[in-house]
Amino acid sequence: MESLLDIFILQQYHIWKASFPLRGAYLKNRLEEIRKEKGITQEELADILQVTRQTIGSLENGRYNPSITLAFKIARFFNKTIEDIFIYEEI
Amino acid sequence: MKKSKSNLWIYYGLTMIGIVLFAIGGAGLKLNWFESIKAVPGILIGIGAGSLGFGLGEIIKQKTISNHPETKKKIEIAQTDERNLTILSKSKTKAFDTMGYVYPVVMFICILLNVEFTIVLLLVSAYILIYAVQIYYFNKYQKEM
């Protein structure tokens, strides 16, 4: 059972956290993992999606965020939803 | 395929025009055809050499590519790849911003060097025109997007 102090500290923590404005958001993805599960190379995936191999590499490293069209193409190819592959996180 | 063939004729035409302009320019320079305007042969040679080089280059490129369909496909993908287009757009933005700083410096140097007023005016109007184009496209895209 939580003590009153715990509840108080937790409440204060949430107030403190809420006082910070949203610092930013970033997009992570599981593309490399899902691609390897399917057993295809970056080159093959690039050919299927009609993009360069460098684009696939940059996507996997998180250096480049895809357009919504490319995100849909990727999701459709792997038979998954966009949220299954791309994870949006707020800091 | 049909499209690239019709494109090739444009480059053949450009090469021919280039050769003709180059020849007229060269002959004009040698035989003094353009005595009244001395810059004409130089301009003709310049435009001729430019279109000859561009046309010939494109013909060689397209002929080489047509023998290697895989390379052709790769080039097409590289040209339409969204990351490449983003990089191109970003680098153009940086270059435009740089130009925004370089141009006034050049204008200032021209003024300090007592360059003719019309040339300074030409530079200023080019500077204003470029920013007018930017404002035009900014408004256009605001409406479209």
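The values are calculated or read from the model by the stated rules, or taken from the named source; none is laboratory data. Just so we're clear, the structure is a prediction, and the values are computed from it rather than from any experiment. All Cβ positions, even for glycine, are placed from backbone atoms using ideal geometry, and neighbour counts span all protein chains on display. Areas reflect the complete protein model, heavy atoms only, side chains present, ligands, DNA and RNA absent. Shrake-Rupley method; radii C 1.70, N 1.55, O 1.52, S 1.80 Å.
Annotations
- Mean Kyte hydropathy of 0.5 or more with a Cα span along the axis of at least 30 Å, helices from DSSP in chain B: B:2-31, B:39-67, B:82-112, B:117-144
- Kyte-Doolittle at least -1.0, axis length at least 18 Å by Cα - qualifying DSSP helices, chain A: A:4-18
- Alpha-carbon gyration tensor eigenvalues x 5, square-rooted, for the stretch B:82-145, Å: 30, 15, 7
- For chain A, radius of gyration divided by Kirkwood radius, i.e. Rg to Rh on alpha-carbons: 1.24
- Taking a ≥ b ≥ c as the square roots of the eigenvalues of the alpha-carbon gyration tensor, chain B is classed oblate because a/c is 1.5 or more while a/b is no larger than b/c.
- Accessible area per residue (1.4 Å probe, heavy atoms of protein chains only) ranks B:M99, B:M107, B:M145, B:M16 as B:M145, B:M16, B:M99, B:M107, with the largest value leading.
- Taking every protein chain into account, the accessible area of the protein assembly as shown amounts to 76 square angstrom per residue (probe 1.4 Å).
- Pair A:F72, B:L113: separation of 7 Å Cα→Cβ label points (nm): 5.4
- Pairs spanning more than 27 Å between alpha-carbon atoms, out of B:K72/B:K94; B:K90/B:K143; B:K61/B:K92; A:K38/B:K90; A:K36/B:K74: B:K72/B:K94; A:K38/B:K90.
- Against the rule of thumb 2.2 N^0.38 Å, how large the Cα Rg of the stretch B:1-80 comes out: 1.46
- Taking other residues whose beta carbon is less than 15 angstrom from the beta carbon of B:H68, and scoring Lys, Arg as +1 and Asp, Glu as -1, yields +3.
- Across B:L88, A:L27, A:L49, the residue with the most accessible area heads the list, and the full order at a 1.4 Å probe is B:L88, A:L27, A:L49.
- A straight chain from B:F138 to B:Y12 at 0.36 nm per residue would run longer than the Cα-Cα distance by 41.6 nm.
- Taking Cβ atoms as reference points and 9 Å as the exclusive limit, the residues near A:T41 contribute a net charge of 0, counting Lys and Arg as +1 and Asp and Glu as -1.
- Solvent-accessible area of the stretch B:1-80 (1.4 angstrom probe, protein heavy atoms only): carbon and sulfur portion equals 70 percent.
- The protein assembly as shown: C-alpha gyration tensor shape, a/c 1.5 cut-off, then a/b vs b/c: oblate
- Exposure rank, largest accessible area first [B:K143, A:K28, A:K17, B:K90; 1.4 Å]: B:K143, B:K90, A:K17, A:K28
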